[in-house]
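To keep things clear, I will list the structure first and then write my remarks on it.
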Amino acid sequence: MFTEVLVPFDGSEDSQLALEVGAGLAAAASTELRILAHRKDPDDSILSVELCEKAFDVGRRYGLRPHLTALEPKRFLSDAIVSEARARPGSVICMRSHGRGRMAVFTGSLTADILLYGPGPAVLVGPDCVGMVPENGGPILAAVDGSHASETVLRVADAWAFELGLPLEIVEVVPTTPDPAIAGALADGDIFESGYLANLVRDHSELRNHGASYDVLHGKPAEAILGEAKARNASLIAMASHVPLGFERLRRGSVTDDVVRHSRVPVLAMHSVPLVEPDVSIDGEESDEDSELPYQVQLMWM
């Protein structure tokens, strides 16, 4: 599942909520908790007495003795976090996220950087998050959109559900007004909405949670996912994202951002396609081969 939970922490209330979630997750999975300390104010000491006391107080409440690591100063905080995660294979990042959506085009987004360049999934704690996995014993709700790219989250969600002893429930959101071609197929009886999910569970033979349930939702994706998570008392929402950048983010927004911004439970988010590192020749010149970035892969709505 994961070997360690990494929580960026600067002592603020925002980062403390993420630390609470990360500590609860580490305790539930019987694994290590590592706090990645960084400065909120450049004049403050990274490992101040106050910050250490806050960190260890949270750890004690969950029966943990957290490890503290001072993040190496870098130009961007995301670089320091990603470097630490890559140095610790099997770890998962748990962090505060504001789900800025289209505004991230102008303000930048730490979350987008972590998802795009990080080595694996991240647990995102939004502004409205109040719960912790698996405090309420509810299911992990995995959302897919009908594309193969969105299905990459299933294996991770299944592993987490298995290790945490939680049910796995898979949902697909169908727009209220579907694409004309899909609408015609539905009218002709060529497509059965639940058939895709049934085949998905059947074809993913690696899933250990063979009792996974599935359902088709209708409406706007973010609203439907959030409503279903509330109705099912979900412990965690899991979804893949292609992290749209630039004009695409401004034009289309991001369903993952919308879900994180309004979810009352943490969101397990992962990039739908692993980032491809460019090939580097002996003389140090980058090859054009494999240089296409994964965010150019288009999903239906994530």
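The values are calculated or read from the model by the stated rules, or taken from the named source; none is laboratory data. Given the structure is predicted, the values throughout are model-derived calculations rather than measurements. The protein model used for the area step is the full one, side chains on, heavy atoms only, and it has no ligands, DNA or RNA in it. Shrake-Rupley method; radii C 1.70, N 1.55, O 1.52, S 1.80 Å.
For Val156, the accessible surface of its heavy atoms amounts to roughly 30 Å² (probe 1.4 Å, protein chains only, rounded to the nearest 10). The figure for Lys74 is an accessible area of roughly 90 square angstrom, using a 1.4 Å probe on the protein chains alone.
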